[in-house]
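The values are calculated or read from the model by the stated rules, or taken from the named source; none is laboratory data. All values reported here derive from a predicted model rather than from experimental measurement. When we count neighbours, we look across all protein chains shown, and the Cβ atoms used for this are built from the backbone with ideal geometry, even at glycine. Just the protein is used for accessible areas: all its heavy atoms, side chains included, with ligands, DNA and RNA removed. Shrake-Rupley method; radii C 1.70, N 1.55, O 1.52, S 1.80 Å.
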Amino acid sequence: MSNMHQAMPVLPCNDIAATQAFYERLGLRVVSSDPTFRIMTDGRGWQVALRPAEHGWVIPERNAHGIYFYADDVDAVADRVRDIIVEKGAPHLKPWGMYEFAVGDPDGVLVRVGRIGR
């Protein structure tokens, strides 16, 4: 039995292949799948599950959901997605003490990657 204590968001997707490609850019890979479900992980603690959304359910411009991925090497992850980072020049040290950046997935989920301090 594993001592793992984690959470895995299950994200409804309008285009599961496009969403999978986005999370692959961040460093996750598919570890289990079928035509309607994908489980992705980076092997170090990040994980998401993807499933098709019901038609009209996910509207990217109005999606209020978010995920925070903690990372030791924020800059290395940022280099993989620099062209889609929301804030120019990020990652930045934020007033709340996190060194982070943000990107949006194809369905409008705000994905932040960061760590405490610089």
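List of remarks:
- Placed amide H near Ile67: partners under 5 Å, 5+ positions off or other chain: Leu110, Val111, Arg112
- Dipole-positive endmost among Ala71, Val103, Leu93 within region 69-118 (Cβ charges, Cα centre): Leu93
- Sequence ranges 34-42, 82-90, ranked by mean other-Cβ count within 10 angstrom, highest first: 34-42, 82-90
- For the pair Ala17 and Ala76, the difference between a 0.36 nm per residue extended length and the Cα-Cα distance amounts to 18.9 nm.
- Placed amide H near Met98: partners under 5 Å, 5+ positions off or other chain: Gly117
- Per residue, in Å², the accessible surface of region 1-50 once ligands and nucleic acids are set aside, probe 1.4 Å: 60
- Only Lys, Arg (+1) and Asp, Glu (-1) charged, at Cβ; the chain dipole about Cα centre in debye: 260
- Sequence-ordered 3J(HN,Hα) estimates for region 66-82 from the Karplus curve with 6.51, -1.76 and 1.60 and θ = phi - 60° stand at x, 9, 10, 9, 7, 9, 6, 10, 4, 5, 5, 5, 4, 4, 6, 10, 3 Hz, glycine and proline given as x.
- Apportionment of accessible area to carbon and sulfur, the chain, percent (1.4 Å): 54
- Karplus 3J(HN,Hα) series, Hz, for region 91-107 with 6.51 cos²θ - 1.76 cosθ + 1.60 (x for Gly, Pro): x, 10, 7, 8, x, 8, x, 9, 9, 7, 9, 9, 9, x, 7, x, 9
- In region 26-118, the alpha-carbon atoms span a convex hull of 108 Å³ per residue.
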